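Taking it in order: structure first as structure tokens, then the write-up.
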Amino acid sequence: MRRILLLAVLLSAPYLLWVYETRFPLRSLADPPQLLVVPPGASAESIGQELGRLGVARHPALFRALALLQGAGGRLRAGEYALEGPLSLRDILDKLVRGDVVRHELTIPEGKSLPETAALAAARGVEAKGFWTAARDPLPIHDLDPLASDLEGYLFPDTYDVPLRPDAGAALVARMVQRFREVMVPELPRVAARGLTLRQVVTLASLVELETARSDERSRIAAVFMNRLRRNMPLQSDPTIIYALRNSGSWDGNIRKKDLALTSPYNTYVNNGLPPGPIASPGREALLAVLAPADVEDIYFVSRNDGTHEFSETLAEHTRAVERYQRRRSSPSGEQG
């Protein structure tokens, strides 16, 4: 009997050790969090070694053995993982299979262009190559805007939960486009009712967004632009000059008189009508302002230098407003924004 018991103990010892090593945590609740970084293509063996270095695996080779037994060797996802609390090797393996990576909150404000959005994303650790590859591909929006050559204007400004993984850039772009669709697809009947294309609405809204930060002015500025378009007047919007200068690499923070004659399809001082496309991503309020512009006859507005604008129906009124508010203004423009 003793021999049988001894044999049973000897035979069960490896199993009990295996259970102990894989199911019982090495960490405690009091231990500080550890950050596990899994590079793309990392093997279970290399991950086990990193777990050993971090002090969350007693025997790193056991992680590789566990992954093989679970058939998870090829399903371990790259990214950043927060190892918190009493995690066993099985728990850690489960996190890596699920891709339960660390997520970072990223806020993209209204009125940001593609380069500005890319810079904000990169500052939060989102890889740039995937972002730009996705942002330059207009296919996700082609059913709504067949003329789009990229996703300028269609990356909806909002706060996003971004997982830091190798495909984070492309995933972020996809989510931003999806958010745009969630906001604007229900508004398509109103777009058609105004006799506009969605591209025209987004383009106009991007100008409105960049002309004012005040929600109570957006519909009135939208009305100014609509009134000018109806009268075949140039929009004379300074943000379009800035966009053109940035595209040419010559923007230094100032608009000079010579810039108003810049040769660019985005120069709304020399070209009538809308610019070729959006110059930034407008938010919901700016988009809806274009769909419901104020019922006014204004065709001019000028900054009061306090974040608000003075609106005018006639050139004489506008000239007086410019004299009143912009006498010392450095901008050469006496027209819009």
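The values are calculated or read from the model by the stated rules, or taken from the named source; none is laboratory data. Since the model is a prediction, treat every value here as computed from it, not as a measurement. Positions of Cβ are generated from backbone atoms using ideal geometry, with glycine treated the same way; all protein chains shown enter the neighbour counts.
Hey, among the residues in the stretch 45-61 that are buried (at least 18 other Cβ atoms within 10 Å of the Cβ) and at pLDDT below 85, which one's farthest from Lys95 (Cα to Cα)? In this case the residue turns out to be Pro60. I'd like the residue in the stretch 193-222 that is at pLDDT 95 or above and among the hydroxyl-bearing types (Ser, Thr, Tyr) and, out of all such residues, is surrounded by the fewest Cβ atoms within 10 Å (Cβ to Cβ). The selected residue is Thr197. Only residues that are of a type outside the set (Lys, Arg), over 15 Å from Glu310 (Cα atoms) and part of a helix (DSSP H, G or I) were counted across the stretch 216-248, and they come to 13.
Might you let me know whether the stretch 73-83 holds any residue that is within 19 Å of His59 (Cα to Cα) and not aliphatic (A, V, I, L, M)? Yes, that holds for at least one residue. Beta carbons closer than 8 Å, at least 6 apart along the sequence or on distinct chains, pair a first residue in the stretch 129-147 that is within 25 Å of Glu187 (Cα to Cα) with a second that is among the hydroxyl-bearing types (Ser, Thr, Tyr) and surrounded by fewer than 18 Cβ atoms within 10 Å (Cβ to Cβ) for Pro138/Ser149; Asp145/Thr197.
Yes or no: Ala321 in contact with a Lys or Arg (Cβ under 9 Å, 6 or more places away or on another chain) and at pLDDT below 90? Criteria met by Ala321.
Taken residue by residue, the stretch 107-120 has at least one member that is buried (at least 19 other Cβ atoms within 10 Å of the Cβ), part of a loop (DSSP other than H, G, I, E, B) and aliphatic (A, V, I, L, M). Scoring Arg190 on the criteria (1) buried (at least 18 other Cβ atoms within 10 Å of the Cβ); (2) of a type in the set (D, E, K, R); (3) outside the structural domain of Leu120 (by TED's automatic domain parsing) leaves a single failure, condition (1).
From the list Arg98, Arg90, Arg64, the one residue that fits, being of a type in the set (D, E, K, R), touching a Ser or Thr at 6+ places or on another chain (Cβ under 6 Å) and either over 30 Å from Leu120 (Cβ atoms) or at pLDDT 85 or above (or both), is Arg90.
State whether one or more residues within the stretch 298-306 are part of a strand (DSSP E or B), of a type outside the set (Ser, Thr, Tyr) and over 30 Å from Arg179 (Cα atoms).
The first filter runs over the stretch 298-306 and keeps only residues part of a strand (DSSP E or B), leaving 300-303.
Now narrow it down to the ones that are of a type outside the set (Ser, Thr, Tyr): 301-302.
Cutting the leftovers down to over 30 Å from Arg179 (Cα atoms) gives us 301-302.
Yes, there is a match, as at least one residue in the stretch 298-306 is part of a strand (DSSP E or B), of a type outside the set (Ser, Thr, Tyr) and over 30 Å from Arg179 (Cα atoms).
Residue check: is Ala134 small (Gly, Ala, Ser) and either in a strand (DSSP E or B) or modelled with pLDDT under 95 (or both)? No; evaluated as a whole, the condition is false for this residue.
Taking Val56 as the residue in question, decide whether it is in contact with a strand residue (DSSP E or B) (Cβ under 6 Å, 6 or more places away or on another chain) and part of a strand (DSSP E or B). Against the criterion (in contact with a strand residue (DSSP E or B) (Cβ under 6 Å, 6 or more places away or on another chain) and part of a strand (DSSP E or B)), Val56 does not qualify.
Restricting attention to the stretch 116-140, the residues that are under 10 Å from Ala170 (Cα atoms) and hydrophobic (A, V, I, L, M, F, W, C) add up to 6.
Any residue at all in the stretch 247-259 that is farther than 27 Å from Ala118 by Cβ and either touching a Gly at 6+ places or on another chain (Cβ under 7 Å) or in contact (Cβ under 8 Å) with a residue 24 or more places away in the chain (or both)? Yes: the stretch 247-259 contains one or more residues that are farther than 27 Å from Ala118 by Cβ and either touching a Gly at 6+ places or on another chain (Cβ under 7 Å) or in contact (Cβ under 8 Å) with a residue 24 or more places away in the chain (or both).
For the stretch 188-201, does any single residue satisfy the condition of being closer than 28 Å to Arg124 by Cβ and among the hydrophobic types (A, V, I, L, M, F, W, C)? Within the stretch 188-201, not a single residue is closer than 28 Å to Arg124 by Cβ and among the hydrophobic types (A, V, I, L, M, F, W, C). Looking across Phe225, Phe180, one residue alone is crowded, with 21+ Cβ neighbours inside 10 Å and within 14 Å of Ala280 (Cβ to Cβ). It is Phe180. Considering Val162, Val173, the condition of being modelled with pLDDT under 95 and in contact with a helix residue (DSSP H, G or I) (Cβ under 7 Å, 6 or more places away or on another chain) is satisfied by Val162 alone.
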